[in-house]
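The values are calculated or read from the model by the stated rules, or taken from the named source; none is laboratory data. Given the structure is predicted, the values throughout are model-derived calculations rather than measurements. Counting neighbours? That spans all protein chains shown, and the Cβs are built from the backbone with ideal geometry, glycine included. When the accessible area is computed, the model is the full protein with side chains, heavy atoms only, and any ligands, DNA or RNA have been set aside. Shrake-Rupley method; radii C 1.70, N 1.55, O 1.52, S 1.80 Å.
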Amino acid sequence: MDDRKKRVLEAIVALYTQGGEPVGSGLLSQYLDMAVSSATLRNEMAVLTKLGLLEQPHTSAGRVPSAKGYRYYLDHLMQPKAGLSARQKAQIDQVFARLDYEPDKLAEGAAKALAEQTGYTVAATTPRSDDLRIAHFEVVQVGRYSAAVLGVTSAGGVRTRVARLETGFSRQDAQLVAMALNRGLAFVAPADLSAQRLAAVTASMGEKGPALYPVVQAAAALLCEAAKARTYLEGQQYLLRWPQLEGCLPGVLELFADQEKAGRFITPPTGRTSVLLGEDMENPMPGLCVMGKRYLAGGGLTGAIALLGPVRMPFEQLIPILEYYALKLGECMAGKAQEDNT
């Protein structure tokens, strides 16, 4: 790969990203503005094709980057923009200023905003940590025979479950069981949850304990879910814009039906922005690209936000936007943005 071949590959990636059509030597010559003939460029394209970096959809057509070509481009040639302008950052700051800072709503809102801004599908997770716990329980009467259990996590998120009771449920029952849950289950790790502990919480409520046991079970379920991140997918309609994604669309939607699996899928292995190509996935989805970035929410909590689209995404333009969204999402999850406004 000499410098000319690198420039040819870089130019074909740029032209294919813009137009979505195979790139011929004539268009390539105009784009490069090099003192090189079209015949020489055709020879270079032929060599890149033999190397597996380009593909020729039809005999008489131009070339398009292959998955291997995109990987080489991403690893060796791509030069993302230095960063966003002050105006662009201010616009994104305004978006986050309008969002609800409750973790679930914040992740969902950020994903929706980024999807609307870029025109690509976006997935975002709430913070995840093995140390996440239910810090406080509230119990609310929602009907004569129903109770809503609310668990506030140590990261500030809120999880809810509804329990149904056969013998009826009153406000006094709600106060009684809330006190028992906060004494016996607050800040308890899922690994420490046992039948004996649940029995002790139930017994602490006296003679009403057995009748209120469904509420204790609901609280236990919340406790087990607390450390699991939630994943939100927004802008699914944008996947329909790209014909090359038709074959993998069912697989993408099936994957995101499992929130835990989807969260692992979009989370990069390191703190750096990663670009995962469909051909490199455990279950290959040719044509798909996932550009992901972790965010730090403080206290050892991390989450992720990612763009999903075709392989011919404009990486250089999107990476700075994605990285700034990740930065703001982490700050808001940690409450830093709220502190700055007070």
Item to check | Within segment 159-184, tally of residues that are in contact with a helix residue (DSSP H, G or I) (Cβ under 6 Å, 6 or more places away or on another chain) and farther than 16 Å from LYS208 by Cβ | outcome: 2
Item to check | Top-ranked residue of segment 15-47 - restricted to ones that are of a type in the set (Asp, Glu) and part of a loop (DSSP other than H, G, I, E, B), ranked as modelled with the lowest pLDDT | outcome: ASP33
Item to check | The listed residue being surrounded by fewer than 21 Cβ atoms within 10 Å (Cβ to Cβ) and in a helix (DSSP H, G or I), out of GLU260, GLU282 | outcome: GLU260
Next on the checklist: Between MET313, MET291, which is open to solvent by less than 10 Å² (accessible area, probe 1.4 Å) and modelled with pLDDT of 95 or more?
Outcome noted: MET291
Next on the checklist: Cβ-Cβ under 9 Å, sequence separation 6+ or interchain: first residue in segment 241-257 and open to solvent by less than 80 Å² (accessible area, probe 1.4 Å) and assigned to a loop (DSSP other than H, G, I, E, B), partner of a type in the set (Ser, Thr, Tyr) and at pLDDT 90 or above. Which pairs?
Outcome noted: PHE256/THR231
Checklist entry - Can we say ARG7 is in a helix (DSSP H, G or I) and under 25 Å from LEU277 (Cα atoms)? => result yes
Checklist entry - Before we move on, is THR167 among the polar types (S, T, N, Q) and more than 23 Å from ALA227 (Cα to Cα)? => result yes
Checklist entry - at pLDDT below 90 and open to solvent by less than 70 Å² (accessible area, probe 1.4 Å) - does that describe any residue in segment 319-329? => result no
Checklist entry - Only one residue in ALA124, ALA115, ALA90, ALA111 is in contact with a Phe, Trp or Tyr (Cβ under 6 Å, 6 or more places away or on another chain), among the small types (Gly, Ala, Ser) and part of a helix (DSSP H, G or I), so which one is that? => result ALA111
Checklist entry - Taking segment 136-174, which residues are of a type in the set (Val, Ile, Thr) and either outside any loop (DSSP other than H, G, I, E, B) or under 30 Å from GLU108 (Cβ atoms) (or both)? => result VAL139, VAL140, VAL142, VAL149, VAL152, THR153, VAL158, THR160, VAL162
Checklist entry - Among the residues of segment 68-123 satisfying the criterion of being surrounded by fewer than 12 Cβ atoms within 10 Å (Cβ to Cβ) and of a type in the set (Asp, Glu), which is nearest to the chain's Cα centre (by Cα)? => result ASP100
Next on the checklist: Going by what's in this entry, would ILE305 be described as closer than 25 Å to GLY20 by Cβ and either assigned to a helix (DSSP H, G or I) or open to solvent by less than 10 Å² (accessible area, probe 1.4 Å) (or both)?
Outcome noted: no
Next on the checklist: Give all pairs with beta carbons closer than 7 Å in which a residue from segment 312-333 that is under 16 Å from TYR120 (Cα atoms) meets a residue that is of a type in the set (Phe, Trp, Tyr) and surrounded by fewer than 22 Cβ atoms within 10 Å (Cβ to Cβ); count only pairs at least 6 apart in sequence or on separate chains.
Outcome noted: ARG312/TYR16
Checklist entry - Out of all the residues in segment 54-61, is one or more of a type in the set (D, E, K, R), open to solvent by 70 Å² or more (accessible area, probe 1.4 Å), outside any helix (DSSP H, G or I) and touching a residue at least 40 places away in the same chain (Cβ under 8 Å)? => result no
Item to check | Failed condition for GLU225, given (1) touching a strand residue (DSSP E or B) at 6+ places or on another chain (Cβ under 8 Å); (2) open to solvent by 40 Å² or more (accessible area, probe 1.4 Å); (3) modelled with pLDDT of 95 or more | outcome: (3)
Next on the checklist: So, in segment 297-311, how many residues would count as being more than 27 Å from GLN237 (Cβ to Cβ) and either touching a Ser or Thr at 6+ places or on another chain (Cβ under 6 Å) or in contact (Cβ under 8 Å) with a residue 40 or more places away in the chain (or both)?
Outcome noted: 5
Checklist entry - Any residue in segment 204-218 that is over 20 Å from TYR120 (Cβ atoms), assigned to a helix (DSSP H, G or I), open to solvent by 80 Å² or more (accessible area, probe 1.4 Å) and in contact with a strand residue (DSSP E or B) (Cβ under 8 Å, 6 or more places away or on another chain)? => result yes
Item to check | Those residues of segment 175-195 which are open to solvent by 50 Å² or more (accessible area, probe 1.4 Å) and in contact (Cβ under 8 Å) with a residue 40 or more places away in the chain, in sequence order | outcome: PHE187
Checklist entry - Quick one: in segment 1-43, which of the residues that are over 25 Å from PRO80 (Cα atoms) and of a type outside the set (Ser, Thr, Tyr) is surrounded by the most Cβ atoms within 10 Å (Cβ to Cβ)? => result LEU41
